[in-house]
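Participant: One structure is given below, represented as structure tokens, and several questions about it will come after.
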Amino acid sequence: MDTSMFGKDGWTPDRIGDLTGKTYVITGANTGAGFEATKVFLNKGAEVVMLNRSESKSKAAIAQLKEEYGNDVKASFFIMDLAELDSVRTAAQQVLENVPHIDALICNAAIAQVAKQQLTSAGFESQLGINHYGHFLLLNLLFDKVEAEGKRIVVVGSNGYKMGDKRLQLEDINFDKNYNPMNTYGHSKLAQMVFAYELQNRIQIAGKKTEIYVCHPGAARTTLGAEEGNLITRILFKVLAPLAQSAERGSWPEVMCATENNLKEKGYYGPTKRMDMSGPIGECKLEPFVLEREPAKKLWQMSEEATNCKWNF
Ligand SMILES: NC(=O)c1ccc[n+]([C@@H]2O[C@H](COP(=O)([O-])OP(=O)(O)OC[C@H]3O[C@@H](n4cnc5c(N)ncnc54)[C@H](OP(=O)(O)O)[C@@H]3O)[C@@H](O)[C@H]2O)c1
């Protein structure tokens, strides 16, 4: 609820200077908040590398950007399906081989409100698998590259993190017994956020330099949940759409976390009015259960086992 750090209008992209020479890597950037964030970065002279799951949607997004910014627009993509661990590994390798440096790696992609429990090919509940496990592996594979230049990681969370049981359901992480589209989505965002703050702790203990920031877009008019939600969810989203803010404004918190100086690592940034759904961008209240370390350590271990990766700190 604090916008004072940026004045009464909160943070806006006007605060960003020239980003020429900087490179931002964003997951799920062919549409929604990720696509709008891409445009803000391009407007400021930066280069953007998208990690998207659909080749046709990626090409359509690049075509749209070319129309807006010209044929030499500094935007490209690699295919990455966060639901498939091998796809994440391949995409990470392509980034390592082709992207000279990363100024911020933004974990933006997500699915939401999946109507009935679905499992990825590795057997993960789909929202946990894509939103948390996929990003967990991606960050493991790209961390050293980000760290080499002491840069940033941005994790896009959601206020959904506090709408379920307000704890990690580690004893039934796939929600086999109590699957519920909203709670299970919220739980996947909670897992992402718990992991992000635990990564901060471990970075600090290990004396590393990478900064991690966590944000949320509030309620933004994007395609989130449009395909995977049940009928009630889709009707609800249509009814609530006029109250939500634009996808462009929804992108500002992640752009801010990728570019702004003097943010608090244990902060949680996003719109600060109407129950943090819209309004000026600033610091929002973070519920303390997100920062508890014991469940975070267990989640970390389970995530390493699930994704067959090991962090070296
Ligand atoms: N919109 C809101 O009101 C709201 C509220 C709270 C939090 N958020 C968060 O904001 C972030 C951005 O969401 P958005 O609203 O912009 O949603 P969106 O318009 O649906 O965009 C989501 C992006 O993620 C991609 N994606 C989905 N599954 C993927 C996978 N398996 N592998 C790789 N990419 C995948 C989508 O690709 P396709 O186009 O191929 O599907 C799309 O590019 C998410 O983290 C979301 O949880 C949004």
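Participant: So for the chain, what percent of the C-alpha to C-alpha distances run longer than 34 Å?
Facilitator: 14
Participant: Contour minus end-to-end for residue 261 and residue 43, with contour as 0.36 nm per residue of separation and end-to-end as the Cα-Cα distance?
Facilitator: That pair, residue 261 and residue 43, stretches by 76.6 nm at full extension.
Participant: Only counting other Cβ atoms within 10 Å, I'd like 158, 121, 246 sorted with the fewest neighbours first.
Facilitator: Numbers: 158 24, 121 11, 246 14.
Lowest count first: 121, 246, 158.
Participant: Write out the GluC sites (Glu not before Pro) in the stretch 89-179 meeting two conditions: DSSP loop, and at most 14 other Cβ atoms within 10 Å of their Cβ.
Facilitator: Here the sparse-neighbourhood loop sites are 149.
Participant: Pairs 8/266; 59/273; 22/59; 22/145; 66/264: which exceed 24 Å Cα-Cα? Write out the running numbers ahead of the final one.
Facilitator: Values: 8/266 22 Å; 59/273 36 Å; 22/59 22 Å; 22/145 14 Å; 66/264 36 Å.
As for pairs spanning more than 24 Å Cα to Cα, those are 59/273; 66/264.
Participant: Okay, moving on. Quick one: 3J(HN,Hα) in Hz for the stretch 125-141, Karplus 6.51/-1.76/1.60 with θ = phi - 60°, rounded, Gly and Pro as x.
Facilitator: Taking θ as phi minus 60°, the curve returns 3, 4, 5, 5, x, 7, 6, 9, 4, x, 5, 4, 5, 4, 5, 4, 6 Hz for the stretch 125-141.
Participant: Can I ask one more? Note down the magnitude of the dipole of the stretch 68-124 about its Cα centre, charges +1 on Lys and Arg C-beta and -1 on Asp and Glu C-beta and zero elsewhere, to the nearest 20 debye. Each step should come with its number before you reach the end.
Facilitator: Numbers: 3 positive and 7 negative charges, 49 e Å.
That gives the stretch 68-124 a dipole magnitude of about 240 debye.
Participant: Now for a different question. Near the amide H of residue 153, under 5 Å away, which other amide H atoms are found, from residues 5 or more places off or on another chain, if H is placed in the peptide plane?
Facilitator: Here the answer is 105, 211, 212, 213, since their amide H atoms fall under 5 Å of that of residue 153.
Participant: Sort 12, 23, 307 by Cβ crowding within 10 Å, fewest neighbours at the top.
Facilitator: Ordered from fewest to most neighbouring Cβ atoms within 10 Å, 12, 23, 307 come out as 12, 23, 307.
Participant: Just order 272-279, 261-268, 286-293 by mean Cβ neighbour count inside 10 Å, highest at the front, would you?
Facilitator: On the way: 272-279: 17.4, 261-268: 13.1, 286-293: 14.9.
So the peptides 272-279, 261-268, 286-293, ranked by packing, come out 272-279, 286-293, 261-268.
Participant: Counting other C-beta atoms within 10 Å, which of 5, 50 has the fewest, and how do the rest follow?
Facilitator: Taking fewest neighbouring Cβ atoms as first place, the list is 5, 50.
Participant: Can you run phi through the Karplus equation (6.51, -1.76, 1.60; θ = phi - 60°) for the stretch 20-30 and list ³J(HN,Hα) in whole Hz, with x for Gly and Pro?
Facilitator: The phi angles translate into 4, x, 9, 10, 10, 10, 10, 7, x, 10, 7 Hz.
Participant: Taking θ = phi - 60°, what integer Hz values does the Karplus form 6.51 cos²θ - 1.76 cosθ + 1.60 yield along the stretch 94-106, in sequence order, with x for Gly and Pro?
Facilitator: 5, 5, 4, 7, 10, 9, x, 8, 10, 7, 8, 9, 10
Participant: Report the Cα centroid-to-centroid distance between the stretch 234-313 and the stretch 104-151 in angstrom, as an integer.
Facilitator: Comparing the Cα centres of the stretch 234-313 and the stretch 104-151, I get a distance of 14 Å.
Participant: Further, regarding this structure: For residue 177 paired with residue 310, estimate the spin-label separation in nm (one decimal), with each label point 7 Å from Cα along the Cα-to-Cβ line.
Facilitator: Result: 3.3 nm between the two label points.
Participant: Using only alpha carbon pairs under 8 Å that are at least six residues apart, calculate the relative contact order of the stretch 4-306 and give it in whole percent.
Facilitator: Over the stretch 4-306, the number comes to 20 percent.
Bear in mind that the values in this text are calculations on the coordinates, not laboratory data. Everything quoted here is computed from the prediction, not taken from an experiment. For neighbour counting, all protein chains shown are included, and Cβ atoms are generated from backbone atoms with ideal geometry for every residue, glycine included.
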